[in-house]
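One structure coming up, written as structure tokens, with questions to follow.
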Amino acid sequence: MTENQSIHHNPIALHKALDRIWGTKPGWGRLAAVNHNVIGVRFMLTALVFFAIGGVLAMLIRTQLASSQSVFMDAETYGQVFTMHGTIMMFLFAIPFFEGMAIYLLPKLLGTRDLAFPRLGAYGYWCYLFGGMILIGALLAGVAPNSGWFMYTPLSSSVYAPGINSDVWLLGITFVEISALSAAVEIIVTIMKIRAPGMSLDRMPIFAWYMLVVATMMLIGFPPLILGSILLEVERAFDLPFFDPTRGGDPLLWQHLFWLFGHPEVYIIFLPAAGAISTILPVLAGTPLAGYRMIVAAIVSMAFLSFGLWVHHMYTVGIPHVALSFFSAASALVAIPTAIQIFAWLATLAHGRPRFSIPMLHIFGFFFVFVIGGLTGVMLAMVPFDWQAHDTHFVVAHLHYVLVGGFIFPMLAMAYYWVPHLTGKQPVQHLSHAAFWMIFIGFNVTFFFMHLTGLRGMPRRIFEYPPEFGWEVLNFVSSMGSFVMAMGFALVALDFILLFKFGRAFRRNPWKAGTLEWAMPTPPPPYNFASIPRIDNRADLLDPDVIGPHLAAGRGYLGIPRDDRMEVLGVNSVTGEPEQLVLLPRQTFLPFWTAVATGSFFLLMLFKFYWATPVALSAVILCFCLWSRSGPSSFDDDAVPIGHGETVPVHIRAESPPSYLAMVLTLVADATLYISLLFGCLFLWISAPNWPPENVQNPNLWLLILAATTMSLGSLGSRISKKSAHMSLVGNGLAFAGYLISTGLFISIAFYSLAPASVHAATASLFVVFCYVTLHGVVGSIFAAHALWRALRDHDMSVRALDLKIGGLWHDYSAASGFGAVGFCLLLDSLVHGGGL
Amino acid sequence: MLWGSFALFTLVLGLFLAAVLVPRFGRGVSQTRWIILGGLVLPLPVLTGLTFYAFAEGEFLLKGAVSEADEVLEIRATGRMWQWQFSYPSVSGSPVHTDLLHIPAGRTVEIIAESEDVIHSFWVPRLGGKIDAVPGHSNRLRIRADQPGRYGGICSEYCGTGHAGMQFEVQAHRQEDFREVVTGGFRHD
Amino acid sequence: MRHPLLLVILAFVVWSGTFLLVYATQATGCSVGWHNDEIAFWRSPLRFILIVLVIIGLVAIVGTLAWLRRRNTLTAALETSTFLDDVKTYVAIGAIFSSAFCFAGVFWLTLCPL
């Protein structure tokens, strides 16, 4: 303790001690980085590189369309260019950028040192980078996806797109989506559990509320897209006819799955930006945010409504009017929560003393552009108007108004607001004004006139048009505007380069903000806070100038580093009272190698080396098993002192550790995928032609029930195993045996008891459902085997209790999915053979 | 809709600029009242009116301005890469026309859109409405040309490299000429 | 159902359930032809079923709000509790309005493809 005593209240010594524990190692050690500062900045910088690539593609599009019958690109190249422009901007820029921003900012705003699962963040980053590289590689090789960024099948099917192009999209994007899902889990758990003590739900910074809602939306929104991609890839690779109308599939299934993700996606992109505005704008207005409770209620409502309007992308596919009316009304309604936020911001401005700074200028740009986008959005929500404007340049103009207004301008505002935090330097501001006006004017010239082009009948995605159609002047104006906008973005880049080089330093809190991220040195040290604060007010009404030095001197919680451990506090998700000491894993290469293994799986799939994919999958599983090994191993005390005379248990012994919540969330996403799959198959029965299938061979019902029952042994076993160390062996042994039998049964039913899956979508559905259950059995058996191994090796029950609890969740879900498969099989059978209802 | 949007846009932007630039603007109105007025009172009536008007308009367009189904002339439009084929099930002896659709003026026509390969979309901008031709489905759209004349048509769902060139022409004829034109007995010009 | 955040979203969860149920019933009804037969004074049994479902959904959401209002127990400090009570009331009112607004079309709009 003598060394620790010397650290006490000495900021420099404390900083050195913490920096040694939390810092990223130089050289190759960078690949082992898990710190959220490093990962967050990597996410954002990588996203900006993709933004630049996507921007160049946009310039190519505008060059092509500037004149009629341009010979700059041929139809094939143009197809690849517009597909990749949309894909990159949506999947490789917008989502990862705000993920990076959230990863960087959230722990700081919440008053803690890191996210709940630093390794997961690192793994997500590598998945994103590798997946993005696959897509860019395909673009350079001239085999990029070419069916449009929403990949409508059958155009993207193996019949009409026999090349590798569509596979690149399906596999590359799914690979990238792993990072989105892992980020979603990590963000939710962090906001719920890893906050500063005293930060009850009503004291959370508003940005945390926004991100909590966004991450939950991602958790529900991404699985349908991942499912759609898997089904389409399975159709392309193994000829399972989910989307082929001649064999009981339906192209509309893809559209439903895609837009069930695709529309919430727009709000997933907009809400983080709105959260940033809700954070920045009150600071610039010098007054607290108006209507905090109403905003929270508005964004929660918006999250739900945004899932009820996906069909407004599908008004022209032949869906009956009454069904369209549900979606049309929901699309109109979603304007209300938006209006509430906009007027809360206006109320804040009206009641404050606004400073017209550079971020404020970009917020003005946001208001101007986004309001227009919202209004055209309401127009498009109206079914008759959309019947005319759908798939024209009017829609292209609308979506750019919404996304650039709702994301790019807020992003620039936050860049100018937070780059001083990131770099410790303030901008010199010579180019900032000019850059803003060039982007603003260039954008409006480009896209305002595009509304008119669309109303004059120009469909989207045509690479040439006859001069006599009268679209040439408008297109030329749009192209000119787009070049001005591009130069504006180049100026912004230059502005930031100048800032990095010549910016002047500042002491603390340049904007006089009331949020915790300014209560730390800038640029931030890897551990953020030398000690963790206690919050006694809403977290945007604090005084960083007082809190900062107090924390730097180690006077908060966890002010004394011990045993080289990375420590943060876990709190009660409602009251914010500390209830556990969370020990985070140290720097490790494991996320990198796991992502390499995952990437090799996707590459093997891409190049059709299917026989080798089990090897890659085993490598992935092996890597993940190694993750659990490096967990903390010595816990001698139930009550660890955390400062201020308080003690809490270590998270392994706590009531509700972060990893338990993470497993619950993972299963929520997993269940969403499963439910989408079952509903999707039933949708085929309703909608697809060539139903009911002829001579479907049903699996033996008793065999199926036996398989599901043996699978539920996992659940039973996990209950037994919790009783004592001895019973743990018995219970996990039972679970393991049950899984071995049931996976064997399910796989043999899938392969031998069904008609070939390629015959009809009905058998393909059953085949995929059984494969899904089998996969859960395999993972469950790994959980059981791991628990067995731990039970043999380690006799301290309390250490294993957490593993068993988490495994128990999985076992229960697997059992439910097994019985779900039986029920689905019976239902489909009665629908097909009973001739319906 | 255009003027309404313009008015709302001006209002919101005006409020923003006034709140930022004019000192003490809007401070007399409490924050809650700002939000209630702007976030609920302003948009709700507008949205409700617009949505229900659009429902009624949608019903009208769906029925194609007719009340009885037998007044409607059915025409089959089959999309394939990259041309449209039109056939007339109710006109006996009519050949299949490629990229040229004849319709009678002053009568509601029901297009039955189908596809042989990928998704296409039937759209004649000046006659309004749009319907996707989805393989495996028969979708219906009612259109009506009040005057004889020529109208340009275009595929509006991306359908591969030939998408831009997948245009067709609609010729609306006087009702008395229509049958002869379709069966090929009448040269229009 | 113990976590207060689940109570905050409860009303909209009921809305989502109603939405799925009504949409699925409508699609199923068109597929198997429930819209063609006439019963009593209803033009089609499908419309009748949909209207009943919508009304049940609406009653369920209003019931949710009433239940939530009665359940305003102190889960945490007073400030936190009133915050959560406020938010869940706002959200529930939003869900009630959304239900009435989204499903109004079942009363007269065209049910199935022509």
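Using the structure shown, decide if residue A:46 is of a type in the set (Ser, Thr, Tyr), modelled with pLDDT of 90 or more and either within 19 Å of residue A:107 (Cβ to Cβ) or open to solvent by less than 60 Å² (accessible area, probe 1.4 Å) (or both).
Considered against the rule, which asks whether it is of a type in the set (Ser, Thr, Tyr), modelled with pLDDT of 90 or more and either within 19 Å of residue A:107 (Cβ to Cβ) or open to solvent by less than 60 Å² (accessible area, probe 1.4 Å) (or both), residue A:46 comes out as yes.
Right, another one. Determine, yes or no, whether residue A:295 is open to solvent by less than 10 Å² (accessible area, probe 1.4 Å), facing chain B (nearest Cβ under 10 Å) and within 23 Å of the chain's Cα centre (by Cα).
yes
Per-residue answers, yes or no, for (1) of a type in the set (S, T, N, Q); (2) out of contact with any His (no Cβ under 6 Å at 6 or more places or on another chain); (3) in a helix (DSSP H, G or I); (4) in contact (Cβ under 8 Å) with a residue 12 or more places away in the chain:
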site: B:16; (1), (2), (3), (4): no, yes, yes, no
site: B:20; (1), (2), (3), (4): no, yes, yes, no
site: B:28; (1), (2), (3), (4): no, yes, no, no
site: B:32; (1), (2), (3), (4): yes, yes, yes, no
site: B:35; (1), (2), (3), (4): no, yes, yes, no
site: B:40; (1), (2), (3), (4): no, yes, yes, no
site: B:48; (1), (2), (3), (4): yes, yes, yes, no
site: B:51; (1), (2), (3), (4): yes, yes, yes, no
site: B:54; (1), (2), (3), (4): no, yes, yes, no
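Name, by its number, the condition in (1) open to solvent by 20 Å² or more (accessible area, probe 1.4 Å); (2) touching a residue at least 40 places away in the same chain (Cβ under 8 Å); (3) of a type in the set (D, E, K, R) that does not hold for residue A:16.
Only one criterion is unmet by residue A:16, namely (2).
I've got another one for you. Return yes or no: is residue B:50 within 14 Å of another protein chain (Cβ to nearest Cβ) and modelled with pLDDT of 85 or more?
Against the criterion (within 14 Å of another protein chain (Cβ to nearest Cβ) and modelled with pLDDT of 85 or more), residue B:50 qualifies.
Also: Report, by residue number, each residue of the stretch A:711-732 that is in a helix (DSSP H, G or I), out of contact with any Ser or Thr (no Cβ under 9 Å at 6 or more places or on another chain) and touching a residue at least 24 places away in the same chain (Cβ under 8 Å).
Within the stretch A:711-732, A:717, A:718, A:719, A:725 qualify.
Report every pair of residues separated by at least 6 positions or lying on different chains whose Cβ atoms are under 8 Å apart, first residue within the stretch A:315-343 and facing another protein chain (nearest Cβ under 7 Å), second surrounded by 24 or more Cβ atoms within 10 Å (Cβ to Cβ) and basic (Lys, Arg).
Going by the 8 Å Cβ cut-off, the qualifying pairs are A:316/B:130.
A follow-up question, please. Has the stretch A:211-230 got at least one residue that is open to solvent by 10 Å² or more (accessible area, probe 1.4 Å), of a type outside the set (D, E, K, R) and within 14 Å of chain B (Cβ to nearest Cβ)?
no
What pairs come out if I take residues in the stretch A:570-582 that are under 17 Å from residue A:208 (Cβ atoms) and within 13 Å of another protein chain (Cβ to nearest Cβ) and pair them with residues that are open to solvent by 10 Å² or more (accessible area, probe 1.4 Å) and in a strand (DSSP E or B) whose C-beta lies under 6 Å away, six or more apart or interchain?
From the stretch A:570-582, the pairs are A:571/A:578; A:572/A:579.
Follow-up. Name the residues in the stretch A:112-150 that are within 16 Å of the chain's Cα centre (by Cα), of a type in the set (A, V, I, L, M) and within 30 Å of residue B:161 (Cα to Cα), would you?
Selection gives nothing.
Another question, then. Report yes if some residue within the stretch A:601-611 is open to solvent by 30 Å² or more (accessible area, probe 1.4 Å) and within 23 Å of residue A:784 (Cα to Cα); otherwise report no.
Looking for residues that are open to solvent by 30 Å² or more (accessible area, probe 1.4 Å) and within 23 Å of residue A:784 (Cα to Cα), one finds none in the stretch A:601-611, hence no.
Which residues, counting only those in the stretch C:54-67, are touching a Ser or Thr at 6+ places or on another chain (Cβ under 6 Å) and of a type outside the set (Gly, Ala, Ser)?
Within the stretch C:54-67, C:58, C:61 qualify.
Something else about it: If we scan the stretch A:140-149, do we find a residue that is within 30 Å of residue A:626 (Cβ to Cβ) and part of a helix (DSSP H, G or I)?
no
Same structure, new question: Would you mind stating whether residue A:82 is within 14 Å of another protein chain (Cβ to nearest Cβ) and either part of a helix (DSSP H, G or I) or free of Cβ contacts under 8 Å to residues at least 24 places away in the same chain (or both)?
Spelling it out, residue A:82 is indeed within 14 Å of another protein chain (Cβ to nearest Cβ) and either part of a helix (DSSP H, G or I) or free of Cβ contacts under 8 Å to residues at least 24 places away in the same chain (or both).
For the stretch B:128-145, which residues satisfy the criterion of being modelled with pLDDT under 90 and surrounded by fewer than 17 Cβ atoms within 10 Å (Cβ to Cβ)?
Selection gives B:128 alone.
Within the stretch A:361-394, can you find the residues that are more than 10 Å from chain B (Cβ to nearest Cβ) and more than 25 Å from residue A:346 (Cα to Cα)?
A:380, A:393, A:394 - these are the residues of the stretch A:361-394 that are more than 10 Å from chain B (Cβ to nearest Cβ) and more than 25 Å from residue A:346 (Cα to Cα).
Out of the stretch B:13-34, which residues are open to solvent by 40 Å² or more (accessible area, probe 1.4 Å), within 15 Å of residue A:354 (Cα to Cα) and more than 7 Å from chain A (Cβ to nearest Cβ)?
Result: B:17, B:21, B:22, B:23, B:24.
Let me ask something else about it. For the stretch A:349-376, which residues satisfy the criterion of being in a helix (DSSP H, G or I) and over 25 Å from residue A:437 (Cα atoms)?
Scanning the stretch A:349-376 gives a single hit, A:351.
Name the residues in the stretch A:303-327 that are over 23 Å from the mean Cα position of the chain (by Cα), of a type in the set (Gly, Ala, Ser) and within 15 Å of residue C:22 (Cα to Cα), would you?
Matches in the stretch A:303-327: A:323, A:325.
For the stretch A:571-581, state whether one or more residues are over 23 Å from residue A:519 (Cα atoms), assigned to a strand (DSSP E or B) and not hydrophobic (A, V, I, L, M, F, W, C).
The answer is yes; a qualifying residue exists.
All but one of (1) under 19 Å from residue A:34 (Cα atoms); (2) open to solvent by less than 40 Å² (accessible area, probe 1.4 Å); (3) in a helix (DSSP H, G or I); (4) touching a residue at least 60 places away in the same chain (Cβ under 8 Å) hold for residue A:597; state the number of the condition that does not hold.
Condition (4) is where residue A:597 drops out.
Of the residues that make up the stretch A:355-363, is at least one of a type in the set (Ser, Thr, Tyr) and open to solvent by less than 10 Å² (accessible area, probe 1.4 Å)?
No, the stretch A:355-363 contains no residue that is of a type in the set (Ser, Thr, Tyr) and open to solvent by less than 10 Å² (accessible area, probe 1.4 Å).
Another question, then. Determine if the stretch B:86-106 includes at least one residue that is within 11 Å of another protein chain (Cβ to nearest Cβ), surrounded by fewer than 20 Cβ atoms within 10 Å (Cβ to Cβ) and under 22 Å from the mean Cα position of the chain (by Cα).
No; the residues of the stretch B:86-106 include none that is within 11 Å of another protein chain (Cβ to nearest Cβ), surrounded by fewer than 20 Cβ atoms within 10 Å (Cβ to Cβ) and under 22 Å from the mean Cα position of the chain (by Cα).
Continuing with the same structure: Restricting attention to the stretch A:236-245, and to residues there that are open to solvent by 10 Å² or more (accessible area, probe 1.4 Å) and within 14 Å of chain B (Cβ to nearest Cβ), which single residue is farthest from the chain's Cα centre (by Cα)?
A:245
Do the conditions hold for residue C:89, that is, is it at pLDDT below 95, open to solvent by 20 Å² or more (accessible area, probe 1.4 Å), part of a helix (DSSP H, G or I) and within 27 Å of residue B:45 (Cβ to Cβ)?
In short, yes.
Further question: So which of A:585, A:658 ends up being touching a His at 6+ places or on another chain (Cβ under 8 Å) and either closer than 18 Å to residue A:194 by Cα or in the same structural domain as residue A:23 (by TED's automatic domain parsing) (or both)?
Step by step, each of A:585, A:658 is checked, and only A:658 is touching a His at 6+ places or on another chain (Cβ under 8 Å) and either closer than 18 Å to residue A:194 by Cα or in the same structural domain as residue A:23 (by TED's automatic domain parsing) (or both).
Here's a follow-up. Assess whether residue A:168 counts as being away from chain B (no Cβ under 14 Å), open to solvent by 10 Å² or more (accessible area, probe 1.4 Å) and touching a residue at least 24 places away in the same chain (Cβ under 8 Å).
no
The values are calculated or read from the model by the stated rules, or taken from the named source; none is laboratory data. Note that the coordinates shown come from a computational prediction; the quantities given were computed from them, not determined experimentally. Glycine gets a Cβ as well: all are built from the backbone with ideal geometry, and neighbour counts include every protein chain shown. In case anyone asks, the SASA skips ligands and DNA or RNA and just uses the protein heavy atoms, side chains included. Shrake-Rupley method; radii C 1.70, N 1.55, O 1.52, S 1.80 Å.
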